[in-house]
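Accompanying notes for the structure given below.
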Amino acid sequence: MFRYYVLEGETAHEVLVEETGESLFLTFRGVRRKVEITQVAPTRYHVRLNGKSLEATVRWEGQTVIVEIGPERYEFQVRPLVPARARPRGEEAETRASPVVAPMPGLLVSVEVREGDRVNRGQPVAILEAMKMQMEIHAPTTGVVRAVHAQPGQEVKGGQVLVVIREL
Amino acid sequence: MSVRLQKVLVANRGEIAVRIIRSCKELGIKTVAVYSDVDRHALHVRLADEAVPLGGANPLESYLNIEAILEAAKRTGAQAIHPGYGFLAENPQASALCEREGIVFIGPPAEVLRICGDKSTARERIMRAGVPVLPGTGAVSDEEALEAASRVGFPLLIKAVSGGGGKGIHLVREKSELPSALRLARGEAKTSFGDERIYLERWLERTRHVEVQIVADHQGRIVHLGERECSIQRRHQKLIEETPSPGLRPSLRAKLHEAAIAAASAIGYINAGTLEFLVSGEEFYFLEVNARLQVEHPITEMVTGLDLVKLQIRVAAGEPLGMNQGDITFHGHALECRISAEDPHRGFFPSLGRILAVREPSGPGIRVDSGIYPGMEVTRHYDPLLAKVVAWAPTREEAILRMRRALEELVIVGVDTTVPFHLWTLNRPEFLRGEYDTRFVEERWARREREGAYETEAVLLAAAAVHLRGRRPLLSISHRPPLRNAWRSQ
């Protein structure tokens, strides 16, 4: 018997998992269900829950499990009941530096700030183009530009750090 | 005087290139595809009879490269070029160069495109024909725009003079937003259309976006093929279209059809085209001419039984339409859902990546126009439209139910798509009642509360996924082979 907490924001759901031979039984909110899962394509699964049949997409983004069924998307953190080791502290020193990241892959059209510039929250720091759309990327905080990590004309990845701003 | 076309070059990519190739084949016309490096295995290339490489992924080197495309037409002996939509479709120079080279441009003549492209002239002529228009400007510099803005009134839109497809459009609610919006709009106009000219137009809140399809031949005959309701949009790009429009009273519908014919006649329109209108209550205003085949043309085809690409080809070849308004009849209701590589859960941001598997819907009353295949790379260079699902049924209610089941069948693995948005919208009471306007996405979808209909299933799957992760699984999560037969998989 295994016990998991499935966390979504503030909500925690407790799920019990039993393996019996080839079968998997899950208990949630007092109901025990036989769960059968067949992969039908990458990240795509056919799921039978006590005879109910549906298709869903399940994928991972880091430690987050993303489940998509029909129009809905759920993003969960799942923790076994055994508590995970406490996260080491000591990140405070860096918390005052805010990275400005590309929200998606694209072509960096321009960088509007230089190292040492003072910026206000919401001020545009760069312009990114993807699929013929240009968008301004704004400073998340008021501060001083500590570093510029990307140049205009450069292809950037989603999540890539473009500029680092030190909060004042 | 008409030409017998035997070979057509399709100067486009994706679903629309596939769609055009289909009609050509049905007419017994050979097809030539052109392609950029990244598209060399694309569906349109595989389906065409011949294929000519153009160059790099950047559209300027490939699908916007008029010289290379003309050269390809001459080398392959294609007598005509179909530009599809976007790229060269509304470019008067492309049409003019074709005329000069003796190649048929399957679209309006250069002169018509010039008028439609110069939005201020088109507006002026159409206004004189008695069709109401919104306040706006001609092409303006940034300085002129700042000055003209108060005259036009806020909120206003900045639009690209050579624009189309919702690109280069920016909504400006107050004067302070104008400078930065002008800059973005010009940047987009330049990269998308190679023309950084922009103009201003008044924006009305709470409107419906309704357009009328027309076709006109060289002999001076012009007919309309009914309207399309296109109010479900994000970033001024359509997501769902339907015909007939559920929100028009018969008298208003008739007025719109008449206005479309009057407007098209006023500018001497030839070939297939669309007149866009804003509808606000019982009032309507002409917006612009889309001088091309439109993305959403299939819904018109479903209710009229006509093939717009075939009509375009015949008209371009100089043949008469061969039908009167009275010959055109409308049957049932059709809806289109655009399936784009975007994440509707995160503000419809583009979702790039490789498509790993595809299952397209089928069955009665369903049509899928698609350009995707497993292994296809969705890149930032092109429009995110992957496929269009079209549902037809005798009534609107049945068409919506049919669309819902089709979208439940549709699976695209590898990139996020607009499917969750469509499934949600097709269940909304206001959509079912036909009571929606252009603010639907920002007001309804963006602010929705999740219904949690699948919460139990999702929680169970998440727990099972974590439990089974990284083990030789007990279950068939990976030890049984995937069901490849049911899938187009890599």
- Has region B:415-430 got any residue that is in contact with a helix residue (DSSP H, G or I) (Cβ under 7 Å, 6 or more places away or on another chain), within 11 Å of chain A (Cβ to nearest Cβ), open to solvent by 20 Å² or more (accessible area, probe 1.4 Å) and assigned to a loop (DSSP other than H, G, I, E, B)? yes
- Item | Pairs where the first residue, in region B:216-239, is away from chain A (no Cβ under 14 Å) and over 23 Å from B:Ala264 (Cα atoms) and the second is open to solvent by 10 Å² or more (accessible area, probe 1.4 Å) and assigned to a strand (DSSP E or B), C-beta under 8 Å, 6+ apart | B:Ile232/B:Lys238; B:Gln233/B:His209
- Subset tally (residues that are at pLDDT 90 or above, within 18 Å of the chain's Cα centre (by Cα) and not β-branched (Val, Ile, Thr)) for region A:62-90: 7
- Message: So, in region B:18-62, how many residues would count as being open to solvent by 70 Å² or more (accessible area, probe 1.4 Å), acidic (Asp, Glu) and under 20 Å from B:Arg75 (Cβ atoms)?
- Response: 3
- Task: Please find, among B:Ala453, B:Ala462, B:Ala446, B:Ala458, the residue that is surrounded by fewer than 16 Cβ atoms within 10 Å (Cβ to Cβ) and at pLDDT 90 or above.
- Result: B:Ala446
- Item | Which numbered condition B:Pro298 fails, given (1) under 26 Å from B:Met403 (Cα atoms); (2) at pLDDT 95 or above; (3) over 19 Å from the mean Cα position of the chain (by Cα) | (3)
- Just give me the residues in region B:357-402 being farther than 16 Å from B:Leu423 by Cβ and of a type in the set (Gly, Ala, Ser), in sequence order. B:Ala357, B:Ser362, B:Gly363, B:Gly365, B:Ser370, B:Gly371, B:Gly375, B:Ala393
- Does region B:37-51 contain any residue that is in contact with a Leu (Cβ under 8 Å, 6 or more places away or on another chain) and not charged (D, E, K, R)? no
- Collect the residues in region B:74-86 that are under 25 Å from the mean Cα position of the chain (by Cα) and at pLDDT 95 or above, keeping them in residue-number order. B:Ala80, B:Ile81, B:His82, B:Pro83, B:Gly84, B:Tyr85
- Query: Do we find a residue being more than 37 Å from the chain's Cα centre (by Cα), without any contact (Cβ under 8 Å) to a residue 24 or more places away in the chain and assigned to a helix (DSSP H, G or I) anywhere in region B:441-452?
  - Reply: no
- Message: For region B:292-411, give me every one of the helices (runs of 4 or more DSSP H) that falls completely inside it and has 3 or more residues that are surrounded by fewer than 18 Cβ atoms within 10 Å (Cβ to Cβ) and within 14 Å of another protein chain (Cβ to nearest Cβ).
- Response: B:396-409
- Item | Some residue of region A:116-128 being outside the structural domain of A:Glu55 (by TED's automatic domain parsing), closer than 24 Å to B:Ala160 by Cβ and modelled with pLDDT of 90 or more | yes
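The values are calculated or read from the model by the stated rules, or taken from the named source; none is laboratory data. Given the structure is predicted, the values throughout are model-derived calculations rather than measurements. For neighbour counting, all protein chains shown are included, and Cβ atoms are generated from backbone atoms with ideal geometry for every residue, glycine included. Accessible surface areas use protein heavy atoms only, side chains included; no ligands, DNA or RNA. Shrake-Rupley method; radii C 1.70, N 1.55, O 1.52, S 1.80 Å.
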